[in-house]
Amino acid sequence: MSHDTTTGWPKDFVWGVSTSSYQIEGAAQEDGRAPSIWDTRCRLGKIANGDSGDVACDHYHRYREDVALMKELGIDAYRFSVAWPRVLPKGKGAVNFKGLEFYDRLIDELLANDIEPWLCLYHWDLPQALHDIGGWAVRDSVGWFEDYATLLARRYGDRVKKWITFNEFSVFTLFGYAIDWSAPGITDRDTHLKAIHHVNLAHGAAVDVIRAHVPGAVIGAVHNRQAVWPEHGKEENKHAAALLDEHWNRAFPDPQLLGYYPPMLGQAIEPYVQAGDMARICRPLDFFGLNHYGPIFAKVDDNPNSTWGFAWGEAPADADKSELGWAIFPDAFRDELIDLTHRYKLPIYVTENGCGGGDTVDENGQVIDNHRVTYLKRYTASMHEAIEKGADVRGYFVWSLLDNFEWGSGYGPRFGLVHVDYETQKRTKKASFDWYANLIKSTHGA
Ligand code: PNW
């Protein structure tokens, strides 16, 4: 069914794009930036093709050109993250002013172009120096994050009003502390459980200091959420799917917004919870940031030594998939937006949605990414349908502006509306860029 998405969007609907520091900035050793756990993971050779974020999109030097692209795209808002080890090389203590000044320049450039900055404090690049003294596995991390949040709130709060504490809590904790797919690459049940609880506490502490230091702050957190289905629809995988659902979809939003952990996870986390913790985690928020790509699949963990009770499953062979193999299921996005509205009762901003895969460049240098245009059309239509059905969605950010460092997969998968030639750093707009620019223009005109 075709769906007219040029009209019917809520008034002042926010259109944007998202990026993150380690994935685009480069300049990894410049102006006093110290290593994060992702620099370390790259050094260990754990990334496809031996890639690293050392240079990435060189956004640190090319941010003006990138903001000009955003302006041309016509977006209202830009979500980016601050690299903690750029502004606090040891994670705490001495401030690196050259690092702070980079984000001053970026924020000022955005504002000069009428693009609202949405600042995310943490998109996975924990300072290595903090990991070396325990990282998220120790309770001191709550205080480190609180101080870091205070520094940013005081520095940028005059110009930045939209604040996000963390990006995708459950991806970086599960993949980093349970499954070795992310930094720091630990696979230990107790460490994982402690990390979940400390990150939740750090979130709550940051909300309070941002609120205290930034007049008129609009504060949220960004959660990845998507349906978890039992692999091959099999009965034996149902329990694994329920467990993964708790870890993936509820481990952070439930305590932060409802005040309690989901039941199975809650039991396991109990030993680490101190009196007063749940009230520290559950602080008033202004919006729910949703990152959504497609459904995921769970299966029983057949490793006899495993203590998690679930393993990552595969999408059905006949499912509609992106070039990366991720399942495409726009109706699940619509349902998720409606469910979220009822479950957490906050305005929703879709802070990431997008499509990974390759692109072809034709003889005229045109970048053809029709698969991405099709994906974005289908997902924005589902979001439109959700809004008609009562979902309280206020904005949408495409992942991503630029092709960039796709974590463990390196530079292979491309997610950008803009193609990046990593040899020359030349930016080339793709078909999806023009499609998105047109959508924004038509809705602003409406
Ligand atoms: C998000 N999954 O990560 C991140 O926020 C981005 O930094 C990343 O580049 C983007 O999505 C594309 O991958 C995810 O396994 C990683 O379902 C993994 C999953 C989902 C999101």
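Checking every one of the GluC sites (Glu not before Pro) in the stretch 355-399 against DSSP loop status and a limit of 12 other Cβ atoms within 10 Å picks out 363. Taking a straight Cα-Cα cut-off under 30 Å and skipping sequence neighbours fewer than 8 places away in the same chain, the lysines within cross-link reach of residue 299 are 46, 194, 234, 238, 321. Listed values for the stretch 92-106 are Karplus-derived 3J(HN,Hα) couplings in whole Hz (6.51 cos²θ - 1.76 cosθ + 1.60, θ = phi - 60°), namely 7, x, 4, 8, 9, 5, 4, x, 4, 5, 4, 6, 4, 5, 4, and x replaces Gly and Pro.
From helices alone, the chain scores -11500 deg cm²/dmol at 222 nm; the rule is -39500 (n - 2.57) for each run of n ≥ 4 DSSP H residues, then divide by the residue total. Counting only DSSP beta bridges with both residues in the chain, the antiparallel share comes to about 20 percent. Going from the fewest other Cβ atoms within 10 Å to the most, the residues 57, 120 appear in the order 120, 57.
Straight-line reach from residue 389: which lysines have Cα under 23 Å away, leaving out those fewer than 8 places along the same chain? Of all the lysines, those that pass the test against residue 389 - Cα under 23 Å, at least 8 places apart if same chain - are 11, 345, 377. Projected label points at residue 421 and residue 388, each 7 Å from Cα along the beta carbon direction, are separated by 4.3 nanometres.
Short-range pairs are left out: with C-alpha atoms under 8 Å and at least six residues apart, the relative contact order of the chain is 18 percent.
For the stretch 291-446, a simple Cβ point-charge model (Lys and Arg +1, Asp and Glu -1, everything else neutral) yields a dipole of about 600 debye relative to the Cα centre.
Among 138-147, 229-238, 389-398, the peptide with the highest mean count of other Cβ atoms within 10 Å heads the list, and the full ranking is 389-398, 138-147, 229-238.
Taken about its Cα centre, the chain carries a charge dipole of roughly 1020 debye when the Cβ of each Lys and Arg holds +1 and the Cβ of each Asp and Glu holds -1. About its Cα centre, the stretch 317-407 has a charge dipole of approximately 500 debye under the convention of +1 per Lys or Arg Cβ and -1 per Asp or Glu Cβ, with nothing else charged.
Quick note: the coordinates plus some simple rules give every number you see, no bench work behind them. No experiment lies behind these values; they were computed from the predicted model shown. We place every Cβ from the backbone using ideal geometry, glycine too, and count neighbours over all the protein chains shown.
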